[in-house]
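Notes follow once the structure below has been shown.
The values are calculated or read from the model by the stated rules, or taken from the named source; none is laboratory data. Quick caveat: nothing in here was measured; it's all calculated off a predicted structure. Glycine also receives a Cβ, built like all others from the backbone with ideal geometry; neighbour counts cover every protein chain displayed. Surface accessibility is based on the protein's heavy atoms, side chains included, excluding ligands, DNA and RNA. Shrake-Rupley method; radii C 1.70, N 1.55, O 1.52, S 1.80 Å.
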Amino acid sequence: MGQLEDQVAFITGAARGQGRSHALALAREGTDIIAVDLCRQAETVPYPMATPQDLAETVRLVEATGRRVLASEVDIRDLAGLTAAVDKGVAELGGRLDIVIANAGISAPAPTLEMDESVWDEMIEINLTGAWKTVRAAVPHVVRGGRGG
């Protein structure tokens, strides 16, 4: 039995990289996963972002641990979309949410004086506002669980 047996985690940016790593580590400890990722290119990001195939691979890897996973393509700037994904995941994975990992984020590789304002705005919208929206969508379920939050 894992240290987090029968808990449920909500992870943004779960299609690859750290998000996938978090999902797999938690799944190996007994946690079911609600995974979301944008799975398309953000407007100002100059490097390739995660794809639907990346998210499908995360699902495959989590399921290979024997845990359940519900994955959705959601933009973390979309509070209604995040809320719908969390609500559906909580309903399908046992009616609770124990862990929230606001992992999604982008990097703006340009130095400040060379960075266009639109790059800054998108980075703040995703990295800061998106993290707040992730917490806003998820925390009501954590509090309702009565075990912290």
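Quick one: in the chain, what % of C-alpha pairs are over 28 Å apart? Working shown, then result.
Numbers: 2039 of 11026 pairs.
Above the 28 Å cut-off, the chain has 18 percent of its Cα pairs.
Below 8 Å, C-alpha to C-alpha, sequence gap of six or more: please give me the relative contact order for the chain in percent.
Values: 274 pairs, mean separation 39.0, N = 149.
Normalised by residue count, the contact order of the chain is 26 percent.
So what's the angle, to the nearest 10 degrees on a 0 to 90 scale, between helix 17-28 and the longest Cα principal axis of the chain?
The helix 17-28 is inclined about 0 degrees to the chain.
Which order do the peptides 102-110, 133-141 come out in when sorted by mean C-beta neighbours inside 10 angstrom, highest first?
Working: 102-110: 16.9, 133-141: 20.1.
Ranked from most to least packed, the peptides come out as 133-141, 102-110.
Pop out the ³J(HN,Hα) list for segment 39-49 in order, Karplus 6.51 cos²θ - 1.76 cosθ + 1.60 with θ = phi - 60°, rounded to Hz; leave Gly and Pro as x.
The phi angles translate into 6, 7, 6, 6, 4, 9, 7, x, 10, x, 9 Hz.
With θ taken as phi - 60° and the coefficients 6.51, -1.76 and 1.60, list the Karplus ³J(HN,Hα) couplings across segment 4-14 in order, rounded to whole Hz; mark glycine and proline as x.
Here the 3J(HN,Hα) series is 10, 3, 6, 8, 10, 10, 10, 10, 8, x, 8 Hz.
Which is farthest toward the positive dipole end of the chain among Thr58, Ala85, His141, measuring Cα position about the Cα centre, with Cβ charges +1 (Lys, Arg) and -1 (Asp, Glu)?
Checked the options; the winner is His141.
At 1.4 Å probe size, put Leu128, Leu4, Leu55 in order of accessible surface, largest to smallest.
Values: Leu128 110, Leu4 45, Leu55 10 Å².
I get Leu128, Leu4, Leu55, largest accessible area first.
Please identify the trypsin sites (Lys or Arg not before Pro) of segment 1-53 that satisfy two criteria: DSSP loop assignment and at most 14 other Cβ atoms within 10 Å. Which are they? Mind dumping the intermediate values first?
On the way: sites: Arg16, Arg20, Arg28, Arg40; in loops: Arg16, Arg40.
Loop-located and lightly packed - Arg40.
Sort Glu57, Glu73 by accessible area with a 1.4 Å probe, largest first.
Working: Glu57 60, Glu73 110 Å².
These residues rank, largest area first, as Glu73, Glu57.
Using a 1.4 Å probe, what is the accessible area per residue for the chain, in Å²? Spell out each step's value before the answer.
Details: 7770 Å² over 149 residues.
Dividing the accessible area of the chain by its residue count gives 52 Å².
First compute the accessible area of the chain with a 1.4 Å probe, then give the percent of it belonging to carbon and sulfur atoms. Spell out each step's value before the answer.
Working: 4080 of 7770 Å².
Ligands and nucleic acids excluded, carbon and sulfur give 52 percent.
So what's the angle, to the nearest 10 degrees on a 0 to 90 scale, between helix 52-64 and the longest Cα principal axis of the chain?
On a 0 to 90 degree scale, this one is about 20.
Amide H neighbours of Ala104 under 5 Å, at least 5 residues apart or on other chains, H built in the peptide plane: list them.
So Ala104 has HN proximity to Thr12, Gly13.
So what does Met115 come to for accessible area, using a 1.4 Å probe and Å² rounded to 10?
40
Given 0.36 nm per residue, what is the gain on full extension from Ser118 to Asp78 after removing their alpha carbon distance, in nm? Let's see the in-between values first.
Numbers: separation 40, 0.36 × 40 = 14.40 nm, distance 1.82 nm.
Length difference between fully extended and current span is 12.6 nm.
For a quick check: with amide H placed at 1.01 Å from N, whose amide H comes under 5 Å from Ala71's, ignoring anything fewer than 5 positions away on the same chain?
Ala35
Rank these by accessible area, largest first, 1.4 Å probe: Glu114, Glu5.
Values: Glu114 140, Glu5 60 Å².
Largest to smallest exposure gives the sequence Glu114, Glu5.
If you plug each phi of segment 139-146 into the Karplus form 6.51 cos²θ - 1.76 cosθ + 1.60 with θ = phi - 60°, what whole-Hz ³J(HN,Hα) values come out, in order, with x for Gly and Pro?
Couplings: 4, x, 5, 5, 5, 4, x, x Hz.
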